[in-house]
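Shown next, in structure tokens, is the structure this report addresses.
Read-outs throughout are calculated quantities, based only on the coordinates presented, and are distinct from any laboratory measurement. Computed from a predicted model, the values in this text were never measured in an experiment. FYI the Cβ positions are ideal-geometry reconstructions off the backbone, even for glycines, and counts take in every protein chain you see.
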Amino acid sequence: MSNIRLENITKKFKEVTALNDVSFSIKDGEFFVLLGPTGAGKTTTLRLIAGLEKQDVGHIHFDGELVDELPPAERDVAFVFQQYSLYPSMSVYDNLAFPLRSPMRQTPEAEIRMRVQSAAEKLRITHLLERKTGKLSGGEMQRVSIGRAIVREPRVFLMDEPLSNLDAKLRESLRVELKHIQKTQNSTTVFVTHDQIEALTMADRIAVLDEGHILQIGTPFDIYDRPATTAVAQLVGTPKINLLPAVRQNGHLLIESSTLKLQLSDDVSLPEAVSTGIRPENVEIMSDGQFSGKVALIEPLGVETIIHIRIGEQTLISIVPGTTNLRIDEDVRFNIAVNHLHFFEQNSGVRLN
Amino acid sequence: MATIELKQVEKKFGDSFAVKPLDLTINSGEFIVLLGPSGCGKTTTLRMISGLEAVTSGNILFDGKDVTWLHPSARDIAFVFQFFALYSHLSVRDNIAFPLQAQGMSREDIKKRVAEVADMLKIEHVLNARPGGLSGGDQQRVALARALVRKPAAFLMDEPLGALDAEFRESMRAEIKRLHIDQHATTVYVTHDQIEAMAMGDRIVVMSNAVVQQADTPTEVYNNPSNLFVARFIGSPGMNLIEGHYADGTINLPGDNRYSVPSGWRSVLETQLASDRRVIVGFRPEAVQVDGTGEINSTNYATDLHGGYTMLHLQLDPDTIVHARAGRDMRYQLSETVRFTLKPDMVRFFHPETEMALKQNGMKN
């Protein structure tokens, strides 16, 4: 396994800048997720690491060695795509064995058997080894695709939205298994997704990308608890963070178009006007709460309930465990956990606290 | 607004059932969600209500009047699809006005009504634009406005949020529900997304294999699933379902674990299980209480942060993983031992053969 370093990478496709001066390092054995919307530059980054594209500016290092001039085959990376590219007429076993039988490797059959068995066990597909891949379900095919990457024991795993074609339940269970396998093997993995839950739940660290720039790199806790910009804040977390314009006044923060007036602690110094971020779990409904509003909407999700509270012209979203006795249009009292507030510069969206 | 009744409505394509005989009453003003995986019969049911699909047998009544063989246009319904189906060469205003013009309403009344719905959906500022230039969210608002403008007897919606990005979906979901609260229009809404169904429905009709599995409020469907399918399908992740054998007040579970059945359930298990005493224990991730002295023993398979909470994935044996919701600072090493108990009032039991939930006295059927 390897560590990877990208140094001042810029990549253009004709007039479009896909990546603009991007630098970061991935540690040996790390599960590193590239998260961002379509067009952010995630897949381009992955393809550059694989050597499927060549950067215009900058360098890529594996274990401190420059790999810029190495063709994909010599970088020893394994790619797993969203679309499973298996040979439908071959058995699962032969699909798994295929990369090992290539003329470049010529692995002895006994060793192939061992590696295929071991990968199949990890992915719970031992019972499918004799089947033709064309007859498998989507989830099984994606397991085989991942298995085919694992048997090679590459320096790096590159995964491009491998779970996004699966239905919700399958995605959930494969996500957990993939994470477990990665942790057991300590394989350096770069995983691309637009799904914030995948990123939060699987990553050791996340790089949030947008329009060819890195907005933030950090652990899931860093990204969720201290989002660097409003874009990052809104990208992670369901339901979404409340983001409200506010002005400062005598040690208080007044949320515009509402009656909300928050006490600021003395050590916070803010400009006159800020965007205030409040996570839904930090809007705590309680009968003796400091603030009041009207229930605009109730969304019961079973495990928890989302409550939309109308205060003046603003709506605050709160999330409470289990069910609620509240009713639509009823008055409701609540507190806001002020030590969990997020402040952002209004124009740039950059974090202030 | 109409009450809609389906009486023994069925649909066959050739020899195979798309919908097996189905009885359902949708109350006037109710928001009903038809929920299930693809191919379960939910969309066919919706299309039969609309008249776009003929029933094979059975009757459909709107406010007591049999509409089974009425043409869709004579049923006074409005349809909202996943794909917006707007006229690209017309302005937003003309798209919304179109159904009214077709009805022959006066220009003055049309203008008033279009302004009303545009205000309701907050799309006044795009009335003169062409739909093609709008965001997905705004296009779906226009499609909704066009459905609302006529004040039909019922709204039928077929995965209207399916084509939107995740970030729009959450807010559009709330907008549609709030709109329903203000309008109280009878609405039948089809989705495969259980979160959408839970958040929006007054009642959820869970379908699988052409059959209604359960029709109840979101809370009931979540807390008291009628069978294993519903237990698995609702919730993310679904209910933990673990098979064991019942004997003398306890159930043996994988990994040499024994689970003490809450006393209120013992007589139920004793009378309702087959002679082999096999039973499936069901519990939601939030029913798990990590507790150093808990009677169930597991090892940590994976732990992940979901933002406001942590999900633990706990292995009882190589084939059995329990998902447990925990505080966000809960952290375990790979393979570390974790002991837990189950909150007694949150445990359910299922019959492994019939796959049906066992019922305590006094529980709803």
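Would you work out if the stretch B:132-203 is rounded, prolate or oblate? Take a ≥ b ≥ c from the square roots of the eigenvalues of the alpha-carbon gyration tensor; rounded if a/c is under 1.5, else prolate when a/b is larger than b/c, oblate otherwise. Walk me through the intermediate numbers first.
Working: a/c = 1.76, a/b = 1.08, b/c = 1.63.
The shape class here is oblate.
Hey, what number do you get for chain B at 222 nm if only DSSP H runs of n ≥ 4 count, each worth -39500 (n - 2.57), divided across all residues, to the nearest 500?
Taken over chain B, the calculation gives -8000 deg cm²/dmol.
Residue by residue, what Karplus-based ³J(HN,Hα) values in Hz, rounded to whole numbers, does the stretch A:292-307 have, using 6.51, -1.76 and 1.60 with θ = phi - 60° and x for Gly and Pro?
Karplus-based 3J(HN,Hα) across the stretch A:292-307 equals 9, x, 10, 6, 9, 6, 10, 10, x, 10, x, 5, 8, 10, 8, 10 Hz.
State to the nearest 20 debye the size of the charge dipole of the protein assembly as shown about its Cα centre, where the only charges are +1 on K and R beta carbons and -1 on D and E beta carbons.
With Lys and Arg at +1 and Asp and Glu at -1, about 1180 debye.
Which far-off residues, 5 or more places away or on another chain, put their amide H under 5 Å from the one on B:TYR189, with H placed in the peptide plane?
Those qualifying (amide H under 5 Å, at least 5 residues apart or on another chain) are B:ILE32, B:VAL33, B:LEU34, B:MET157.
Rounded, prolate or oblate: which one fits the protein assembly as shown, using the alpha carbon gyration tensor with axes a ≥ b ≥ c (rounded when a/c is under 1.5, else prolate when a/b beats b/c, else oblate)?
rounded
Can you figure out the FRET efficiency of B:LEU90 with A:GLU74, using R₀ = 56 Å and their beta-carbon distance, to the nearest 0.05?
Once the sixth-power term is evaluated, E becomes 0.45.
At a Förster radius of 22 Å, what calculated FRET efficiency corresponds to the Cβ-Cβ distance of A:GLN249 and A:ALA337, to the nearest 0.05?
0.60
To make sure I understand, if each residue's beta carbon is the centre and we count other beta carbons within 10 Å, what order do A:GLU177, B:GLU295 fall in, fewest to most?
B:GLU295, A:GLU177
How many partner chain Cβ atoms sit within 10 Å of a residue's Cβ in peptide A:165-176, on average, as a whole number? Please report the intermediate quantities before stating the final value.
Values: counts 0, 0, 3, 9, 8, 0, 1, 5, 5, 0, 4, 9.
Per residue, the average neighbour count from other chains is 4.
Please report, in debye to the nearest 20, how large the charge dipole of the stretch B:267-365 is about its Cα centre when each Lys and Arg carries +1 at its beta carbon and each Asp and Glu carries -1 there. Kindly include the intermediate steps, with their values, before the conclusion.
Values: 11 positive and 13 negative charges, 68 e Å.
About 320 debye.
With a cut-off of at most 13 other beta carbons within 10 Å, and DSSP calling the residue loop, which GluC sites (Glu not before Pro) in the stretch A:1-84 qualify? Please list them.
Within the stretch A:1-84, the qualifying GluC sites (Glu not before Pro) (loop, at most 13 other Cβ atoms within 10 Å) are A:GLU15, A:GLU69.
Over the stretch B:203-348, what is the relative contact order in whole percent, taking alpha-carbon pairs under 8 Å and six or more residues apart?
20
How do A:237-243, B:119-125 rank on mean C-beta neighbours within 10 Å, highest first? Please list the in-between numbers first.
Numbers: A:237-243: 20.6, B:119-125: 15.1.
Ranking the peptides A:237-243, B:119-125 by packing returns A:237-243, B:119-125.
Can you work out the FRET efficiency for the pair A:ASP288 and B:THR56, with r the C-beta to C-beta distance and R0 = 51 Å, to the nearest 0.05?
Efficiency, from the Cβ-Cβ distance: 0.30.
Which whole-angstrom value gives the distance between the alpha carbon centres of the stretch B:201-272 and the stretch A:235-298?
Between the Cα centre of the stretch B:201-272 and that of the stretch A:235-298, the gap is 40 Å.
Tell me, A:SER257, B:SER226, B:SER298, B:SER275 in order of fewest to most beta-carbon neighbours within 10 Å?
Listing A:SER257, B:SER226, B:SER298, B:SER275 from fewest to most nearby Cβ atoms yields B:SER275, A:SER257, B:SER226, B:SER298.
In whole percent, what relative contact order does chain B give with Cα contacts below 8 Å and a gap of six or more residues?
16
Provide the per-residue ³J(HN,Hα) series for the stretch A:64-72, in order, calculated from phi with Karplus coefficients 6.51, -1.76, 1.60 and θ = phi - 60°, each as a whole number of Hz, with x at glycine and proline positions.
Going residue by residue, I get x, 9, 5, 10, 3, 8, 7, x, x Hz, with x marking Gly and Pro.
Only loop residues by DSSP count here, and only those with at most 16 other Cβ atoms within 10 Å; note down the GluC sites (Glu not before Pro) in the stretch A:255-328 that meet that.
Numbers: sites: A:GLU256, A:GLU272, A:GLU281, A:GLU284, A:GLU304, A:GLU313; in loops: A:GLU256, A:GLU272, A:GLU313.
Sites meeting the loop and neighbour criteria: A:GLU256, A:GLU272, A:GLU313.
Can you show me the helix-derived [θ] at 222 nm for chain A, built from DSSP H runs with n ≥ 4 at -39,500 (n - 2.57) apiece and divided by the number of residues, rounded to the nearest 500.
Rounded to the nearest 500, the figure is -7000 deg cm²/dmol.
Gain in length, B:GLU270 to B:HIS184, computed as 0.36 nm per residue apart minus the alpha-carbon separation, to one decimal in nm?
On the way: separation 86, 0.36 × 86 = 30.96 nm, distance 4.64 nm.
Stretched fully, the B:GLU270-B:HIS184 segment lengthens by 26.3 nm.
Please compute the average number of Cβ atoms from other chains found within 10 Å of each residue's Cβ in peptide B:297-309.
Mean inter-chain Cβ contacts per residue within 10 Å come to 6.
Skipping prolines and chain starts, which residues have an amide H placed within reach, meaning under 5 Å, of the one on A:GLU53, given they are 5 or more residues away or on another chain?
A:LEU48
Long-range amide H contacts for B:ALA2: which residues qualify at under 5 Å (H placed 1.01 Å from N, peptide plane, sequence gap of 5 or more or a different chain)?
Distant-sequence amide H within range of B:ALA2: B:GLY29, B:THR186.
How big is the charge dipole of the stretch B:84-197 about its Cα centre, in debye rounded to the nearest 20, if each Lys and Arg gets +1 on its Cβ and each Asp and Glu gets -1 on its Cβ?
Computed charge dipole of the stretch B:84-197: roughly 460 debye.
What shape does the stretch A:35-172 take by its C-alpha gyration tensor, where a ≥ b ≥ c are the square roots of the eigenvalues and a/c under 1.5 counts as rounded, a/b above b/c as prolate, and the rest as oblate? Display every interim value, and only then the final one.
Working: a/c = 2.44, a/b = 1.32, b/c = 1.85.
Oblate shape, in that a/c is at least 1.5 and b/c is the bigger or equal ratio.
Step through the residues of the stretch B:115-127 one at a time and calculate ³J(HN,Hα) from phi using the Karplus curve (6.51 cos²θ - 1.76 cosθ + 1.60, θ = phi - 60°), rounding each to whole Hz and writing x for Gly and Pro.
4, 4, 6, 5, 5, 4, 9, 6, 10, 3, 6, 10, 4
Please state the relative contact order of chain A as a whole percent: Cα pairs under 8 Å, 6+ residues apart?
Averaging sequence separation for qualifying contacts and normalising by length gives 16 percent for chain A.
Of B:GLY249, B:HIS71, B:GLN82, whose Cα points farthest to the positive end of the dipole of chain B (charges on the beta-carbon: +1 Lys, Arg; -1 Asp, Glu; origin at the Cα centre)?
It is B:HIS71.
Put +1 on the Cβ of every Lys and Arg and -1 on every Asp and Glu Cβ in the protein assembly as shown; which of B:VAL230, B:ILE321, B:THR293 then has its Cα farthest towards the positive end of the dipole?
In the protein assembly as shown, that residue is B:VAL230.
Of the listed peptides B:286-292, B:187-193, A:137-143, what is their order by residue-averaged count of other C-beta atoms within 10 Å, with the highest listed first? Working shown, then result.
Values: B:286-292: 16.7, B:187-193: 23.4, A:137-143: 19.1.
Per-residue Cβ counts within 10 Å, averaged per peptide and sorted highest first, yield B:187-193, A:137-143, B:286-292.
Count, for each residue of B:163-175, the Cβ atoms from other chains sitting within 10 Å of its Cβ, then give me the mean as a whole number.
3
Using the count of nearby Cβ atoms within 10 Å as a rough guide to exposure, how do B:MET311, B:MET356 rank from fewest to most?
B:MET356, B:MET311
Which chymotrypsin sites (Phe, Trp or Tyr not before Pro) in the stretch B:47-81 sit in a loop by DSSP (not H, G, I, E or B) and have at most 13 other Cβ atoms within 10 Å of their own Cβ?
Details: sites: B:PHE62, B:TRP69, B:PHE79, B:PHE81; in loops: B:TRP69, B:PHE81.
Passing sites in the stretch B:47-81 are B:TRP69.
Which of the listed residues, A:GLN83, B:THR56, B:PHE17, is farthest toward the dipole's positive end in the protein assembly as shown, when Lys, Arg count +1 and Asp, Glu count -1 at the beta-carbon?
The residue sitting most towards the positive pole is B:THR56.
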